[in-house]
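The values are calculated or read from the model by the stated rules, or taken from the named source; none is laboratory data. Just so it is clear, the structure is predicted and the values come from calculations on it, not from any experiment. Cβ sites come from the backbone with ideal geometry, for glycine too, and all protein chains shown count toward neighbours.
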There are 2 protein chains.
Amino acid sequence: MTLSGGITMVPAAMASPDKKRQVIHHVFFWLKNPNSTEDLNKLLDGLRSLEKIEAVRQYHIGIPALTEARAVVDKTYAVSALSFFDDLEGQNAYQVHPLHKKFVETCSPLWSRIQVYDAVDL
Amino acid sequence: MTLSGGITMVPAAMASPDKKRQVIHHVFFWLKNPNSTEDLNKLLDGLRSLEKIEAVRQYHIGIPALTEARAVVDKTYAVSALSFFDDLEGQNAYQVHPLHKKFVETCSPLWSRIQVYDAVDL
């Protein structure tokens, strides 16, 4: 299917809204004070609290892996958090959950940048 | 642990090299011709072939989800591929696997940009 506007749309995804499709939420964090273990631990504590949110199906906290250094691989982030949801509704419930709100309130002063990717299974 | 050089290092990860830790490989693709269904389908066919690589534990092909539009969420990519490996060795085996080499050869002319994140479980 060709669409105007320069955005690729996948026909299957257009045909049925992605309400019932698994949603993968991947967030990368850069710290204001990258040498502060205290700040890092605060962020990790905050991230660990998010696993308790009912809608979260799989949850992984990561750091850059020691894979081959290639120009296309971004290894500059401090910590990453990957979560899976059954559907868009689950992700929406997560965003407004008190634990998520508390996390943002407590931890957002720690980071200089976050980068988020939300993908829905094809 | 405080290190010079401006890079955050997590003590646990330093203590034991991440050979035995799960590796998560997330790749985002932007197409040269974002309106070409033919190119998109070629890329999807190529991505589907990668699931057959023995070292791949979990595999998800995605497109941007219809989550809330926020400045920190990048929804400009066409397709994403998320794969899990038991360890760094698995990821290394994947990179040099004939199916992966064939994928890069066939599909790299289709993309204008890729962005890769390799994370190891904390």
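Figures for the structure shown
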quantity	calculated
Selection from region A:30-47 of residues that are farther than 23 Å from B:V27 by Cα and in a helix (DSSP H, G or I)	A:T37, A:E38, A:D39, A:L40, A:N41, A:K42, A:L43, A:L44, A:D45, A:G46
Index of the failed condition, B:E105 passing every other in (1) more than 9 Å from chain A (Cβ to nearest Cβ); (2) of a type outside the set (A, V, I, L, M, F, W, C); (3) under 27 Å from A:V27 (Cβ atoms)	(3)
Residues of region A:68-82 satisfying the condition of being among the polar types (S, T, N, Q) and within 13 Å of the chain's Cα centre (by Cα)	A:S80
Residues within region A:101-122 that are surrounded by 16 or more Cβ atoms within 10 Å (Cβ to Cβ) and part of a helix (DSSP H, G or I), tallied	3
Residue identified as in contact with a Ser or Thr (Cβ under 8 Å, 6 or more places away or on another chain), closer than 30 Å to A:E38 by Cβ and at pLDDT below 95 among B:P11, B:P17	B:P11
In region B:67-80, the residues that are at the interface with chain A (Cβ under 7 Å from one of its Cβ atoms) and either outside any loop (DSSP other than H, G, I, E, B) or touching a Ser or Thr at 6+ places or on another chain (Cβ under 8 Å) (or both)	B:V73, B:A78, B:S80
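Quick grid of which residues meet (1) in contact with a strand residue (DSSP E or B) (Cβ under 6 Å, 6 or more places away or on another chain); (2) modelled with pLDDT of 95 or more; (3) surrounded by fewer than 21 Cβ atoms within 10 Å (Cβ to Cβ); (4) part of a loop (DSSP other than H, G, I, E, B):
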site	(1), (2), (3), (4)
B:I7	no, no, yes, yes
B:F28	yes, yes, no, no
B:S49	no, yes, yes, no
B:E54	no, yes, yes, yes
B:L82	yes, yes, no, no
